[in-house]
Amino acid sequence: MKRTTLLSLKTLAWLACLWPLELLVWGAVTDTLGPDPTSKIALTTGYNALLLLVLSLAITPLRRIWSRLNWLIKFRRLLGLFAFFYATVHMLTYVALYSGFDVNAIATDIAKRRFITVGVAAWLLLLPLAATSTNWAIRKLGGKRWGQLHKLVYLAAICGVIHYWWQVKPGVLSPLRMTLALAVLLAARPAWSLWQRWKQSKKNAPPLAIR
Ligand code: HEM
């Protein structure tokens, strides 16, 4: 891919990732965030954190299905870091606007409300991934250990989806699309390994005449 094309795509990706934030800032400035601005901020940032996380997980399966999409790898870190960015704004919205920095109220919530507990778990799982996202950290950890650590992203996404289900009212199915997308992406990995092993075993099998 040409440098200028990559640069244009990266600029577009930045603009797209920043779009939900721009809408929130615009809504705050023009006072059009609706009757419950705190909830609007929490829901928008939470939803986009999970969406970007799921999108970042889609990159490897897409590259495997179609090698012409290999260039997508250049966008995985961007998506992952924006997912963490929105998750952090989301968490800070809760700490500042819902809880008013009341440490006791936050601790009680974490202990007593299971959707908060699993949300905190999701954020804590994303933290070491964001912290080790630099080239320097990858070199320091070594590719293998870095890869193992970054498998936590699946657990973070699963916690994010559970958190989503546990915070909607009973009967509301809005988390279903994200759940199905994540289920497909999680199944794609073992399916790919099995497919590779099957292809390899066919290659190694003796020709029919020898058998
Ligand atoms: C410290 C960690 C977290 C806390 C305290 C927290 C808290 C909350 C709260 C209070 C809501 C409900 C907002 C409302 O109804 O007004 C919510 C919704 C949500 N959160 Fe979190 N959350 C945390 C981490 C996360 C993370 C890491 C993700 C994503 C990976 C996430 C994704 C979501 C989603 C998808 C929703 C629902 C959005 C919707 O209904 O459109 N949360 N969270």
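The values are calculated or read from the model by the stated rules, or taken from the named source; none is laboratory data. Worth saying up front: this structure is predicted, and the values here are computed from it rather than measured. Please note: Cβ atoms are built from the backbone with ideal geometry, for glycine as well, and neighbour counts cover all protein chains shown. For the accessible areas, the whole protein counts, side chains as well, though only heavy atoms, and no ligand, DNA or RNA atoms are used. Shrake-Rupley method; radii C 1.70, N 1.55, O 1.52, S 1.80 Å.
For the stretch 174-184, the set of residues classified as near the ligand (Cβ under 10 Å from one of its atoms) and touching a residue at least 60 places away in the same chain (Cβ under 8 Å) consists of 178 only. Residue 189 meets the conditions (1) within 23 Å of residue 48 (Cβ to Cβ); (2) touching a residue at least 24 places away in the same chain (Cβ under 8 Å) in every case but one. The failed one is (1). When the stretch 83-115 is filtered for residues that are of a type in the set (Phe, Trp, Tyr) and open to solvent by less than 100 Å² (accessible area, probe 1.4 Å), the ones remaining, listed by number, are 84, 85, 86, 94, 115.
Taking the residues in the stretch 29-46 that are free of Cβ contacts under 8 Å to residues at least 12 places away in the same chain and either under 30 Å from residue 154 (Cβ atoms) or touching a helix residue (DSSP H, G or I) at 6+ places or on another chain (Cβ under 9 Å) (or both) as candidates, determine which candidate is surrounded by the most Cβ atoms within 10 Å (Cβ to Cβ). Of everything passing the filter in the stretch 29-46, 33 is surrounded by the most Cβ atoms within 10 Å (Cβ to Cβ).
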